[in-house]
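A short worksheet on the structure shown next.
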Amino acid sequence: MTQPPGHQSHLSIVIPAFNEQGNLGELYAVLVPVLTAVSLPWEIIFSDDGSRDGTWEEITELHRLDSRVRGVRLSRNFGHQYALMAGLAHARGDVVISMDADLQHPPAMIPDLVEQWRQGYRIVHTRRTDPPHISRFKKWSSDLFYTIFTLLSGVPMESGMADFRLLDRQVLDEILRFREDGLFLRGIVQWVGYECTTLPYRCQERFSGTSKYTLRKMISLAWAGITSFSVIPLRLGIYIGIVTSILAFTEMAYAIFMRLFTTTVVPGWASGIAVISFLFGILFILLGLIGEYVGRILIEVRRRPRFLVSERLGMRDEG
Ligand code: UDP
Ligand code: MG
């Protein structure tokens, strides 16, 4: 927030959208009076994540009516985190707020976020206070994920953290330097530090359409989050290895003892097969886990661009 005197700060609102045609008009209509009340020059950046409905046409229409609405269109569906990153990369504001396109993140809270920024906070997180319409499964899976994530990564994160947040330009510039695949912005924003605060918000009902986060996308985000922040799953292999080695060694000692000092024939077949299949099972899990991390290294060293832009509205070629 250290700006030269006389510098007028700008506000950017970044909104990723995947098949959200039915929401953008309403979102724009709700945002305009709120943003006007903040009394900072503003822009809205819609990041179209390869939508197959009329989302891009809607953005084009809004841009035609109001040049403060800008758009970036990805060449296909890259996923929420990348669409968000694409929008953030195109934002020009000194202060940037990201939010969902479906009006679940209340625009009325924007002045509160900006107020915290004016107080000197460079990151303003938000945390969902669960309303009754959030499904029990969503709440339970979110609690479980954040507990495991915090445990494995050492990066403290509370359940209900959303990608509805404010970032100061300095923080955003740092975050844009993160080039990793398996992007998990929520974790990165926690990791970077800086003066931050958290505001609670009441999650609204989706205005139109259905959730674009399928269970598959949710699991893949959770997995990306854990594997990009922790190698503890790999270390787990060592612990499992130690425990199974002790068990195998005990079994061996027992077999030798029986052979040397008793006349009992060790009934070997069933227990032998059981131990072997158990150990093979564990071995394959560990191999799979190592494969997963090696695969990520491969993706990382290729240094492919994380998303491709097919069109831009109201901006130079950047990002
Ligand atoms: N989204 C996206 N790409 C995707 C999935 C979702 O850009 O592949 C956007 C979506 O349009 C919305 C935000 O990410 O603005 C959050 O998605 P959604 O509301 O479907 O998730 P939920 O609120 O159900 O977790
Ligand atoms: Mg939503």
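No lab work stands behind these numbers, since they all come straight from the coordinates. It should be emphasised that the depicted structure is a prediction, and the values quoted were computed from it without experimental measurement. Counting neighbours? That spans all protein chains shown, and the Cβs are built from the backbone with ideal geometry, glycine included.
Averaged over residues, the count of other Cβ atoms within 10 Å places the peptides 192-201, 65-74 in the sequence 65-74, 192-201, highest first.
Mean separation of Cα pairs under 8 Å and 6 or more residues apart, divided by the residue count, gives region 166-306 a relative contact order of 32 percent.
Pairing the Cα long axis of helix 136-153 with the longest principal axis of the chain, what angle in degrees results, from 0 to 90 and rounded to the nearest 10? Tilt relative to the chain: about 70 degrees. Taking 160, 295, 22 as the candidate residues, the one with maximal mean-square fluctuation in a Gaussian network model of the chain, Cα springs under 10 Å, is 295. When the Cα atoms of region 184-241 are aligned to their principal axes, the ranges along those axes come out at 51, 34, 14 Å in descending order. Note on residue 303 and residue 192: with the Förster distance fixed at 22 Å, the Cβ-Cβ geometry gives a FRET efficiency of about 0.50.
Phi angles of region 239-245 translate, via the Karplus equation with coefficients 6.51, -1.76, 1.60 and θ = phi - 60°, into HN-Hα couplings of 5, 4, x, 4, 4, 5, 4 Hz per residue; Gly and Pro are given as x. Treating r as the C-beta distance of residue 247 and residue 75 and R0 as 51 Å, the FRET efficiency rounds to 0.45.
Residue separation of residue 140 and residue 294 scaled by 0.36 nm, minus their Cα-Cα distance, works out to 52.3 nm of gained length.
Annotation: extensible slack from residue 310 through residue 173 equals 47.0 nm (criterion: 0.36 nm per residue apart, minus Cα-Cα distance).
Using only side-chain charges placed at the Cβ, +1 for Lys and Arg and -1 for Asp and Glu, the dipole size of region 179-319 relative to its Cα centre rounds to 360 debye.
The value of relative contact order for the chain, using C-alpha pairs under 8 Å at least six residues apart, is 23 percent. Over the chain, the alpha carbon radius of gyration divided by the compact-protein estimate 2.2 N^0.38 Å works out to 1.28. Check which residues have an amide H placed less than 5 Å from residue 100's amide H, if you skip close sequence neighbours. It is 105, by chain and number. A simple packing score, the average count of other Cβ atoms within 10 Å per residue, orders the peptides 151-159, 255-263 as 151-159, 255-263, with the highest score first.
Here's how it looks for residue 308: its modeled amide H is under 5 Å from those of 75, 76, which are all 5 or more places away or on a different chain. From Cα pairs below 8 angstrom and at least 6 apart in sequence, can you work out the relative contact order of region 83-197, rounded to a whole percent? So the answer I get is 38 percent.
Computed from point charges on the beta carbon alone (+1 for Lys and Arg, -1 for Asp and Glu), the dipole magnitude for region 100-174 about its Cα centre is near 200 Debye.
In order along region 27-33, the phi-based Karplus estimate (6.51 cos²θ - 1.76 cosθ + 1.60, θ = phi - 60°) of 3J(HN,Hα) comes to 4, 4, 4, 6, 5, 3, x Hz; Gly and Pro are listed as x.
Full extension of the chain between residue 127 and residue 151 gives 6.7 nm of extra length, using 0.36 nm per residue less the Cα-Cα distance. The magnitude of the dipole of the chain, with charges of +1 and -1 set on the Cβ of Lys/Arg and Asp/Glu and taken from the Cα centre, is near 720 debye. Just want the answer: with Cβ charges of +1 for Lys and Arg and -1 for Asp and Glu, which residue in 42, 243, 123 is farthest toward the dipole's positive end in the chain? Highest projection toward the positive end goes to 243.
If you wrap region 18-134's Cα atoms in a convex hull and average its projection over all directions, what's the area in nm²? For the Cα atoms of region 18-134, the hull's average projected area reads 7.8 nm².
Among 152, 56, 170, whose Cα projects farthest towards the positive end of the dipole of the chain, with charges put on the beta-carbon of Lys, Arg (+1) and Asp, Glu (-1)? The listed residue farthest towards the positive side: 152. A cut-off of 5 Å between modelled amide H atoms, ignoring neighbours fewer than 5 places along the same chain, links residue 10 with 94, 95. Give the shape of region 182-283 as rounded, prolate or oblate, defined through the alpha-carbon gyration tensor: a ≥ b ≥ c are the square roots of its eigenvalues, a/c under 1.5 means rounded, and otherwise the shape is prolate if a/b is larger than b/c and oblate if not. Prolate. If you take all other residues with their beta carbon under 10 Å from the beta carbon of residue 98, and give Lys and Arg +1 and Asp and Glu -1, the sum is -1.
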